[in-house]
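The values are calculated or read from the model by the stated rules, or taken from the named source; none is laboratory data. Just so it is clear, the model here is predicted, and its values are computed rather than measured. For neighbour counting, all protein chains shown are included, and Cβ atoms are generated from backbone atoms with ideal geometry for every residue, glycine included. For the accessible areas, the whole protein counts, side chains as well, though only heavy atoms, and no ligand, DNA or RNA atoms are used. Shrake-Rupley method; radii C 1.70, N 1.55, O 1.52, S 1.80 Å.
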Amino acid sequence: MTKTYARLTPLADSLPATVPFVGPETQERARGRTFAARLGANENTFGPSPKAIAAMAQAAQDVWMYGDPENFDLRTALAGHHRIDPDNIMVGEGIDGLLGYLVRLTVGPGDVVVTSHGAYPTFNYHVAGFGGRIEAVPYRDDHEDPEALIAKAAETGAKLIYLANPDNPMGTWHDAATILRMIDGVPEGCLLVLDEAYVEFAPVGTAPDLAPDDPRVIRLRTFSKAYGMAGARVGYAIGARDLINAFHKIRNHFGMCRISQAGALAALQDRDHLRTTLVNVATARNRIGEIAREHGLATLPSATNFVAVDCGRDSAFARAVLEALIQQDVFVRMPFAEPQNRCIRVSAGRPEELDVFALALPGALAKAR
């Protein structure tokens, strides 16, 4: 009998089978037990609005139906929320899904994309998957460097520039005026991909006023962080109409689950729960800072729902601290590039989760030393 097999494209065949982030569940299976404190994935452990949970439970009764392929109700609500036109909004399977669509639309083999060395790796994963070439610039003082990103894009003829504001993995941020200067500097034929996943946690004045029809920038936001719905996979892009309309050429039109659509719509409307969450996260960030200082460590100012804890030495020491915390059932992560990988990254969890972290940290530091 003739043997048959899937014939991968040369590009796909050349790529390693990788996962940008190894999930805590994978680690739990390898360890044979669960984590007592899940503080590594920047999940909002305070959870979604009860109204969102109720809406999703109600929608589950109709899950035999596909979700609305136009995401009409959610796009209309988002348009009202931002006071823009629905035609400037594209809903997708989280920011990760939207990044994949955007790269597919704009990047072909050999096309240059500019990002920061050590920035969000899932974006790089998509670029590699479509044959793009990544040019990375270093962070400056633990911040992504807008001027260096623009200069590198001009030098290389890049098609995309990626910037997260606030930043992941460091939690630092730039003010709106800095971002506007960066947009003004975008070279002709280039697009700034402005990832604002954490912007709800940031100080007033971080996000510039929306200019949805500006062809130089596309902005990405999510229900995974402040709205506490990471598992529902709902994100949205705000951009010029022609670019937003182009997504229809290649997106999975039935990729959005109707349960997720209903939950996001209810979450968006529950402003009281969002305000409570922001207070809880700010309190948790302060608590992480206090725990770190009690043990002689410093923290970076954060505009996100996590805190980068500076372990005060090199990456090997930070890795030893991280591994010792994991041995004590505390799941955390760390940046992967110098010099940011002198830090570990701790999510702004519930008080009982931070109690577990506080008990585990001194032993982890002692073992690392």
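Pairing residues of the range 169-181 that are closer than 10 Å to T206 by Cβ with residues that are acidic (D, E) and surrounded by 20 or more Cβ atoms within 10 Å (Cβ to Cβ), at Cβ distances under 9 Å and at least 6 apart in sequence or on separate chains, gives W173/D167; H174/E144; H174/D167.
Here G157 passes the criteria (1) in contact with a His (Cβ under 7 Å, 6 or more places away or on another chain); (2) on the phi > 0 side of the Ramachandran plot except the one numbered (1). Counting only helices (runs of 4 or more DSSP H) that sit wholly inside the range 1-101, those with at least 2 residues that are modelled with pLDDT under 95 and within 25 Å of G171 (Cα to Cα) are 24-31. Applying a threshold of 6 Å to beta carbon distances and a minimum spacing of six or more residues, or different chains, the list of pairs starting in the range 50-62 at a residue that is under 19 Å from H273 (Cα atoms) and of a type outside the set (D, E) and ending at one that is open to solvent by less than 60 Å² (accessible area, probe 1.4 Å) and assigned to a loop (DSSP other than H, G, I, E, B) reads K51/D270. For the range 147-156, the condition holds for no residue, the condition being that it is within 20 Å of the chain's Cα centre (by Cα), of a type outside the set (A, V, I, L, M), outside any loop (DSSP other than H, G, I, E, B) and buried (at least 17 other Cβ atoms within 10 Å of the Cβ). Within the range 200-237, being closer than 17 Å to P146 by Cα, surrounded by 21 or more Cβ atoms within 10 Å (Cβ to Cβ) and aliphatic (A, V, I, L, M) holds for V217, I218. When the range 238-253 is filtered for residues that are open to solvent by less than 20 Å² (accessible area, probe 1.4 Å) and not aliphatic (A, V, I, L, M), the ones remaining, listed by number, are G239, F247. If you go through the range 333-345 and keep only what is surrounded by 22 or more Cβ atoms within 10 Å (Cβ to Cβ) and over 10 Å from L322 (Cα atoms), you end up with P335, Q340. Scoring L274 on the criteria (1) farther than 29 Å from A337 by Cβ; (2) under 22 Å from the mean Cα position of the chain (by Cα); (3) open to solvent by 40 Å² or more (accessible area, probe 1.4 Å) leaves a single failure, condition (3). Do we have any residue at all in the range 171-184 that's among the aromatic types (F, W, Y) and closer than 18 Å to V91 by Cα? Within the range 171-184, none of the residues are among the aromatic types (F, W, Y) and closer than 18 Å to V91 by Cα. Considering D310, D314, the condition of being open to solvent by 40 Å² or more (accessible area, probe 1.4 Å) and either without any contact (Cβ under 8 Å) to a residue 40 or more places away in the chain or of a type in the set (F, W, Y) (or both) is satisfied by D314 alone. For beta carbons closer than 8 Å, sequence separation of 6+ or different chains, a first residue in the range 184-198 that is at positive phi and a second that is assigned to a loop (DSSP other than H, G, I, E, B) and open to solvent by 30 Å² or more (accessible area, probe 1.4 Å), the qualifying pairs are G189/G157; G189/K159.
For the range 15-63, give me each residue that is touching a Ser or Thr at 6+ places or on another chain (Cβ under 6 Å) and surrounded by 20 or more Cβ atoms within 10 Å (Cβ to Cβ).
L39, N42
Quick one: G289 ticks every box in (1) in a helix (DSSP H, G or I); (2) over 30 Å from D141 (Cα atoms) except a single one, so which number is it? Condition (2) is where G289 drops out.
Considering only residues that are closer than 23 Å to N341 by Cα and surrounded by fewer than 19 Cβ atoms within 10 Å (Cβ to Cβ), which ones fall in the range 79-121? Once the filter is applied, which keeps residues that are closer than 23 Å to N341 by Cα and surrounded by fewer than 19 Cβ atoms within 10 Å (Cβ to Cβ), the range 79-121 yields H117, P121. For first residues located in the range 130-153 and over 28 Å from V309 (Cβ atoms), partners that are open to solvent by 40 Å² or more (accessible area, probe 1.4 Å) and part of a strand (DSSP E or B) and lie 6+ apart or on another chain with Cβ distances below 6 Å form the pairs K152/E135. So, L365, is that one in a helix (DSSP H, G or I), more than 22 Å from P166 (Cβ to Cβ), open to solvent by 20 Å² or more (accessible area, probe 1.4 Å) and modelled with pLDDT of 95 or more or not? Considered against the rule, which asks whether it is in a helix (DSSP H, G or I), more than 22 Å from P166 (Cβ to Cβ), open to solvent by 20 Å² or more (accessible area, probe 1.4 Å) and modelled with pLDDT of 95 or more, L365 comes out as no.
Filtering the range 83-104 for residues that are more than 20 Å from the chain's Cα centre (by Cα) and of a type in the set (S, T, Y) leaves an empty set.
Residue pairs whose Cβ atoms lie under 7 Å apart, separated by 6 or more positions or on different chains, with the first residue in the range 1-16 and under 27 Å from G132 (Cβ atoms) and the second modelled with pLDDT of 90 or more and in a loop (DSSP other than H, G, I, E, B), are L11/P109; L11/G131.
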